[in-house]
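This report refers to the structure that appears directly beneath it.
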Amino acid sequence: MDLTKTPPYPKSHNLLEGKQVIVTAAAGTGIGYSAARRCMEEGADVLISDIHERRLQDAAERLEAEVGRAPRQVLCNVTEQADVDALFAACGDVDVVINNAGLGGTANLMDMTDEQWSVVLDVTLNGTFRMTRAAMQAMKASGGVIVNNASVLGWRAQKGQAHYAAAKAGVMALTRCAALEGADHGIRINAVAPSIAMHPFLAKVTTDELLEELTSKEAYGRAAEVWEVANVMVFLASGYSTYMTGETVSVSSQRA
């Protein structure tokens, strides 16, 4: 068996039929876009958001072409509370929120500026906090599900990634603590921790040498497809994970 061969794209089973879902940072070709597509394929009514207006419109058009119906779309910068409030106002009732927005970068700690540190933390951790708080407020009367996008870098070390790793470790801790509070209101909160999920933007901003090194550590000898990560998000959002909360699921073979 060739483990490096990409498996078949999964069939849909209406796991999210009738659900109202928000997916942040869904423009482009990464995990957010794939999560939006998989949720739509599983029967959800999806609202996608992003900070880039043109890319957001393009994503909506591609999703309509691929799935056969269009998602709603709202511009949102998760570093701005007013934008987060407007996003939830536009959505109305919401059953599932997938917090995918995050920002990376590479800089050794001795050379890292305050700005480089702060911008990654504000988007990746503070943005997840703002979205999680707003989602819990929206869901407190009827329950719901929140799925956060963390990273294996929240567990393991990598040079040049102190800011990103700290932010993702923070997302994991936020997920655990918020889950205990959410349980009182029927709100489940979990996270996924991908290692390396290949898409064109990642290939553009990462050296071939680093990609090869990271891929070599994977059990299957290949990077994940973005939809393989999205599948785990769908599982966490669905009725198949009703007894899970506060967990971070590693979508990878390299937890540490």
(request) Within the range 216-230, track down each residue that is over 13 Å from SER250 (Cβ atoms), of a type outside the set (D, E, K, R) and surrounded by fewer than 17 Cβ atoms within 10 Å (Cβ to Cβ). (result) SER216, TYR220, GLY221
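Restricting attention to the range 155-193, which residues are buried (at least 22 other Cβ atoms within 10 Å of the Cβ) and touching a Lys or Arg at 6+ places or on another chain (Cβ under 8 Å)?
The answer is GLY182, ILE187, ALA193.
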(request) Hey, could you check the range 121-150 for residues that are more than 14 Å from the chain's Cα centre (by Cα) and aliphatic (A, V, I, L, M) and say which is farthest from VAL94 (Cα to Cα)? (result) LEU121
(message) Cβ-Cβ under 6 Å, sequence separation 6+ or interchain: first residue in the range 239-256 and modelled with pLDDT under 95, partner surrounded by fewer than 17 Cβ atoms within 10 Å (Cβ to Cβ). Which pairs?
(response) SER253/ALA219; GLN254/LYS217; ALA256/ARG156
(message) Can you go through ALA167, ALA141 and tell me which one is on the phi < 0 side of the Ramachandran plot, modelled with pLDDT of 95 or more and out of contact with any helix residue (DSSP H, G or I) (no Cβ under 7 Å at 6 or more places or on another chain)?
(response) ALA141
(request) Check off (1) crowded, with 21+ Cβ neighbours inside 10 Å; (2) closer than 28 Å to TYR9 by Cβ; (3) at pLDDT 95 or above for VAL152 and give me the number that stays unchecked. (result) (3)
(request) Specify the residue that is farthest from the chain's Cα centre (by Cα); the eligible residues are those in the range 68-102 that are closer than 19 Å to GLY28 by Cα and free of Cβ contacts under 8 Å to residues at least 24 places away in the same chain. (result) GLY68
(message) Any residue at all in the range 112-131 that's within 23 Å of ARG37 (Cβ to Cβ) and in contact with a strand residue (DSSP E or B) (Cβ under 7 Å, 6 or more places away or on another chain)?
(response) yes
(message) I'd like the full set of residues that are more than 30 Å from LYS217 (Cβ to Cβ) and part of a helix (DSSP H, G or I), limited to the range 127-154.
(response) PHE129, ARG130, MET131, THR132, ARG133, ALA134, ALA135, MET136, GLN137, ALA138, MET139
(message) Please determine whether any residue of the range 51-72 is under 25 Å from MET136 (Cβ atoms), in contact with a Cys (Cβ under 8 Å, 6 or more places away or on another chain) and among the aliphatic types (A, V, I, L, M).
(response) yes
(message) Among the residues of the range 28-45, what is the count of those that are farther than 14 Å from GLU66 by Cα, surrounded by 24 or more Cβ atoms within 10 Å (Cβ to Cβ) and over 10 Å from the mean Cα position of the chain (by Cα)?
(response) 1
(message) So if I check each of ASN108, ASN190, which one is closer than 23 Å to GLU225 by Cβ and at pLDDT 95 or above?
(response) ASN190
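The values are calculated or read from the model by the stated rules, or taken from the named source; none is laboratory data. None of the values given here were measured: they were computed from a predicted structure. Methodologically, a virtual Cβ is constructed for each residue, glycine included, from the backbone with ideal geometry; neighbour enumeration extends over all protein chains shown.
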